[in-house]
Amino acid sequence: MPSIIVLDDLAPEGLALLDAAEGVSYEVRTGLKGDDLKNALNEFDGAICRSGVKLTPDVLEGNTKLRAVVRAGVGTDNIDKPAATRAGIVVMNTPAGNTISTAEHAIALMLAMSRNVPAANQSLVEGRWDRKKFMGAQVAGKTLGIVGLGRIGLAVASRAKALEMDLVGYDPFMSADHAKSLGIELVEKVEDMLPRIDYLTVHTPLTDETRGMINDAALEKIKPGCRLINCARGGIYDEAALVKGLESGKLGGVALDVYPDEPCTDSPLFGMANVVCTPHLGASTEEAQTQVAVEAVELLTAYLKTGA
Ligand code: MLT
């Protein structure tokens with residue numbers, strides 16, 4: 001009978017599916033690291049994780065038992081894919097389950113930053129009735145640049161359209177005609193949109209191509225006052241460049257949900273004016289967590305039972 005280890009907290013609906021699954025056994029063992037993690041992985045045929053556990057080469061190397069790992073979520077950057085492949089372990093993800101929640105969080109950060117919601121809340125609860133200090137910006141009629149027009153980028157686009165924003169997009173895998181049919185003007189290079197946009201949001205994985213995409217050179221070209229949002233992966237924006245851009249006044253604001261090293265409790269951006277930060281909450285809704293948990297369990301049990 002195939003056995004499954006659940007390495008991070010999983011929504012109850014996922015565990016209920018595991019309870020009901022015939023011909024599969026499972027154990028929940030969260031918080032494992034180092035040798036404990038390596039040894040545990042050698043006891044099971046399949047594993048389900050979120051982003052908490054780190055499946056590094058050290059813990060995967062030499063594994064002869066594990067056949068598949070499913071990430072309940074999109075990004076598999078906590079799993080070393082080359083090491084998994086060398087050990088014959090298939091890596092899967094659940095790309096659709098948290099699309100809407102992540103897109104909604106990007107919009108939430110854009111609006112919170114534009115209307116100074118976190119700073120105004122803080123000021124009020126500290127006893128100040130300061131209306132002049134928190135003059136904001138309306139998003140209707142502004143131009144939003146979207147880098148990456150996959151599931152999440154497009155979900156952001158349709159929501160931004162409903163907010164009456166103009167959309168400019170970059171995605172090497174989308175045709176200009178298709179983008180146009182979605183109300184998005186496609187540009188050939190990210191730098192082409194920078195002088196024109198009032199807001200920028202990125203929805204790509206962190207790769208060699210996207211790492212540091214918004215750096216000092218990009219900020220030279222960006223429209224003064226542009227506000228940046230990142231609910232994708234830390235490192236796509238160069239944080240040192242963001243600090244300089246905020247200090248010089250070139251950037252109107254920065255809203256981040258993700259950081260180069262997570263968990264992150266110390267960033268030069270924390271506490272700066274016009275900066276809104278959340279601790280990687282894009283997929284943290286009951287709906288998204290239920291959906292990714294259910295998809296992960298279905299994928300893994302099907303794979304372990306049928307090899308497909
Ligand atoms: C994902 O990759 O699924 C999201 O960033 C959410 C997460 O990592 O928890």
Farthest toward positive dipole pole in the chain [+1 Lys/Arg, -1 Asp/Glu at C-beta], among THR94, THR210, MET135: MET135
Förster-model FRET efficiency, 30 Å R0, GLU287 and GLU247, C-beta, rounded to 0.05: 0.20
Vicinal HN-Hα couplings computed from phi for segment 293-304 (Karplus, 6.51 cos²θ - 1.76 cosθ + 1.60; Hz; Gly/Pro x): 5, 5, 4, 5, 5, 4, 4, 5, 5, 4, 5, 5
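What order do you get for ARG29, ARG131 when you list them from fewest to most C-beta neighbours inside 10 Å?
Details: ARG29 18, ARG131 9.
In increasing order of surrounding Cβ atoms, one gets ARG131, ARG29.
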Partner lysines for LYS250 [C-alpha distance under 27 Å; skip if fewer than 8 residues away on the same chain]: LYS132, LYS133, LYS142, LYS161, LYS189, LYS221, LYS223
Candidate lysines - alpha carbon under 29 Å from LYS54, same-chain residues fewer than 8 apart omitted: LYS33, LYS38, LYS65, LYS81, LYS305
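Using the 10 angstrom Cβ neighbour count as an exposure proxy, how do MET110, MET165 rank, fewest first?
Working: MET110 28, MET165 21.
By the 10 Å Cβ count, ascending, the order reads MET165, MET110.
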Potential extension, LEU182-ALA137 segment - 0.36 nm per residue separation minus Cα distance: 13.7 nm
Rounded if a/c under 1.5, otherwise prolate or oblate - segment 151-290, Cα gyration tensor axes: oblate
Likely footprinting exposure, CYS49, CYS264, fewest C-beta neighbours within 10 Å first: CYS264, CYS49
Length-normalised contact order for segment 149-217 - Cα pairs under 8 Å, 6+ apart - percent: 29
Vicinal HN-Hα couplings computed from phi for segment 215-228 (Karplus, 6.51 cos²θ - 1.76 cosθ + 1.60; Hz; Gly/Pro x): 10, 4, 5, 5, 5, 4, 8, 6, 4, x, x, 4, 10, 10
Mean-position separation - Cα centroids, segment 129-148 and segment 213-276, in angstrom: 16
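The numbers here are math on the coordinates, done by the rules we state, and not lab data. Just so we're clear, the structure is a prediction, and the values are computed from it rather than from any experiment. Positions of Cβ are backbone-derived with ideal geometry, glycine not excepted, and every protein chain shown enters the neighbour counts.
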